[in-house]
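The values are calculated or read from the model by the stated rules, or taken from the named source; none is laboratory data. Keep in mind the model is a prediction, meaning the values are calculated, not measured. Every residue, glycine as well, gets a Cβ built from its backbone with ideal geometry; the counts of neighbours run over all protein chains shown.
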Amino acid sequence: MSATYAAAHSFNKVMEILDRFERSETKIIPILQAVQEEYRYLPQEVMTFIATSLGVSPARLYGVATFYSHFSLEPKGKHILKMCDGTACHVRGSSAVIDAIRAKLNLTPKKITTDDMMYTFETVSCLGACGLAPVLVVDDEVHGQVTPEQALQLIAKIEAEEKENA
C-alpha cells in the first residue's frame, strides 16, 4: 500500500467520523474519542485536519485532547495495560507487579510502548477498585489482587493468542 493511498484512506475515515458527528464543534470529545479508537492515538496531522474541518483553532482542539487523560497524542500499542499505583495498590504490592511487567516488556517509566507496538504499559493513580488492590487492567478487563507472576501469565496469554491469530 502506498503512503499516498494510506494517507487518503486515513482522511476518508476521519471524514466519515466528522460526518457522523455532523461536523459540530459541540461534539469535539466524541469526535476525538472515535478518532482515537480508530488510530489508538490522535495523530498531529489528523488533529490539524479536524480543527480545520470544525472551524476551530488547533490550540482549542489540543487543549481538549491534553486536558483529558483518556486522550493520547503518542502512538499506543495494540494491547493497553494499566497498573494502579495509588495508595491501596502500592501498599499491597503494585511496585513488584510494575517492575515485573517493565522487565518482561523492556519498558521504563519514560518508554511506555514496546518497539513492536504490541503493548503500552501505563501506571495510573487510581482505577477506583481499591478493594481489589493491586489492580491491573488489560484491554479494559480488570484483574484484582494481581501478583507479578499473574501479570506475566496475562502477558503470556496475550502472546499465545497473538500467535494463534497470526
Whether any residue in segment 133-154 is among the hydroxyl-bearing types (Ser, Thr, Tyr) and either touching a strand residue (DSSP E or B) at 6+ places or on another chain (Cβ under 6 Å) or at pLDDT 95 or above (or both) is what I want to check.
yes
Sort out which residues of segment 26-43 are assigned to a helix (DSSP H, G or I) and touching a Pro at 6+ places or on another chain (Cβ under 9 Å), and write them in order of number.
35, 39
Is it the case that residue 76 is in contact (Cβ under 8 Å) with a residue 40 or more places away in the chain and assigned to a loop (DSSP other than H, G, I, E, B)?
yes
So the check is Cβ under 6 Å with 6+ separation or different chains; which pairs have a first residue in segment 87-108 that's within 15 Å of residue 143 (Cα to Cα) and a second one that's part of a helix (DSSP H, G or I) and small (Gly, Ala, Ser)?
97/151; 101/151
Of the conditions (1) surrounded by 15 or more Cβ atoms within 10 Å (Cβ to Cβ); (2) modelled with pLDDT of 95 or more, the single one that residue 76 does not satisfy is (2)
One residue from 66, 147 being in contact with a helix residue (DSSP H, G or I) (Cβ under 8 Å, 6 or more places away or on another chain) and on the phi < 0 side of the Ramachandran plot:
147
Return the pair list, or none, for Cβ contacts closer than 7 Å from residues in segment 33-44 that are farther than 14 Å from residue 64 by Cα and of a type outside the set (Ser, Thr, Tyr) to residues that are modelled with pLDDT under 90 and surrounded by 17 or more Cβ atoms within 10 Å (Cβ to Cβ), at least 6 apart or on different chains.
none
Filter segment 109-141 for residues that are outside any loop (DSSP other than H, G, I, E, B) and more than 25 Å from residue 39 (Cβ to Cβ); the one that is farthest from the chain's Cα centre (by Cα) is 131
Within segment 28-37, restricting attention to residues that are surrounded by 17 or more Cβ atoms within 10 Å (Cβ to Cβ) and not polar (S, T, N, Q), which residue is farthest from the chain's Cα centre (by Cα)?
28
